[in-house]
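One structure is given here, and the rest of the page talks about it.
The values are calculated or read from the model by the stated rules, or taken from the named source; none is laboratory data. Small disclaimer: the values here were computed from a predicted structure and weren't measured. Every residue, glycine among them, receives a Cβ derived from its backbone with ideal geometry; neighbour counts consider all protein chains shown.
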Amino acid sequence: GESVGLHLPTLSVQEGDNSIINCAYSNSASDYFIWYKQESGKGPQFIIDIRSNMDKRQGQRVTVLLNKTVKHLSLQIAATQPGDSAVYFCAEVTGTASKLTFGTGTRLQVTL
Amino acid sequence: ETGVTQSPTHLIKTRGQQVTLRCSSQSGHNTVSWYQQALGQGPQFIFQYYREEENGRGNFPPRFSGLQFPNYSSELNVNALELDDSALYLCASSQTGPYGYTFGSGTRLTVV
């Protein structure tokens, strides 16, 4: 079935370092992927998205890489800050209802 | 521009009871989706409404039902509550499909 999973459940990085969060997906027919950040007590917040016809997209301090050959996504956060501490999800868009299929998430902990 | 608002924020119900959760979509958004997020998990798609019609459903039993109103606000109804229904219920709205999804902060439902 369709699934989106993450390699690491918890990632701890020092403030100022770069963070890399990985995600594997299983549905090769998916054509759109989104990264979300979820802080405690809040709903998921859009970070960045990428379509399957691209392999890289950059935002402010964030970059998403897509490798369709191995069905892998990554989110890179440059100069990680304490405010980046949260759970990060990748989501895969599937179906006519354009439903989001989320993985279980990776918790990013930023240490001072 | 207001975001997505959900009510109530927290709710405690007894097993077997019925519950109604409410969502006001972001201004200009005509599509509303509902997700269930169990503790420590990623959100799971329940269903989507577009122009007052159900437009896709996830793997949830019929006791999960919904409505969308002419002003695009929405309700999620759950009958015969079970303990496993305890979760954060998220509403997300968009203009079309998953592009520009905005999530609310959710309703935390506890079934005892």
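A few points about this structure:
- The residues of segment B:35-53 that are within 16 Å of B:S73 (Cβ to Cβ), surrounded by fewer than 24 Cβ atoms within 10 Å (Cβ to Cβ) and either polar (S, T, N, Q) or more than 9 Å from chain A (Cβ to nearest Cβ) (or both), listed by number, are B:R51, B:E52, B:E53.
- Residue identified as buried (at least 16 other Cβ atoms within 10 Å of the Cβ), at positive phi, more than 9 Å from chain A (Cβ to nearest Cβ) and in contact (Cβ under 8 Å) with a residue 12 or more places away in the chain among B:Y72, B:Y89: B:Y72
- All strands (runs of 3 or more DSSP E) inside segment B:37-112 with 3 or more residues being at pLDDT 95 or above and over 18 Å from A:T101 (Cβ atoms): B:64-68, B:74-78, B:107-111
- Of all residue pairs spaced 6 or more apart or on separate chains, those with beta-carbon atoms under 7 Å, a first member in segment A:75-98 that is farther than 30 Å from B:G58 by Cα and a second member that is acidic (D, E) are A:I77/A:D84; A:T80/A:E15; A:T80/A:D17; A:Q81/A:E15; A:P82/A:E15.
- Identity of the residue in segment B:1-34, assigned to a strand (DSSP E or B) and crowded, with 19+ Cβ neighbours inside 10 Å, that ends up farthest from the chain's Cα centre (by Cα): B:T31
- Sole residue being of a type in the set (G, A, S), in contact with a Lys or Arg (Cβ under 7 Å, 6 or more places away or on another chain) and either more than 23 Å from B:V32 (Cβ to Cβ) or away from every other protein chain (no Cβ under 12 Å) (or both), chosen from A:S52, A:S40: A:S52
- The residue list B:S24, B:S105 contains one member that is within 14 Å of chain A (Cβ to nearest Cβ), under 22 Å from A:I47 (Cβ atoms), among the small types (G, A, S) and out of contact with any helix residue (DSSP H, G or I) (no Cβ under 8 Å at 6 or more places or on another chain), which is B:S105.
- Answer from A:D31, A:D55, A:D84 - the residue that is among the charged types (D, E, K, R), modelled with pLDDT of 95 or more and surrounded by fewer than 16 Cβ atoms within 10 Å (Cβ to Cβ): A:D55
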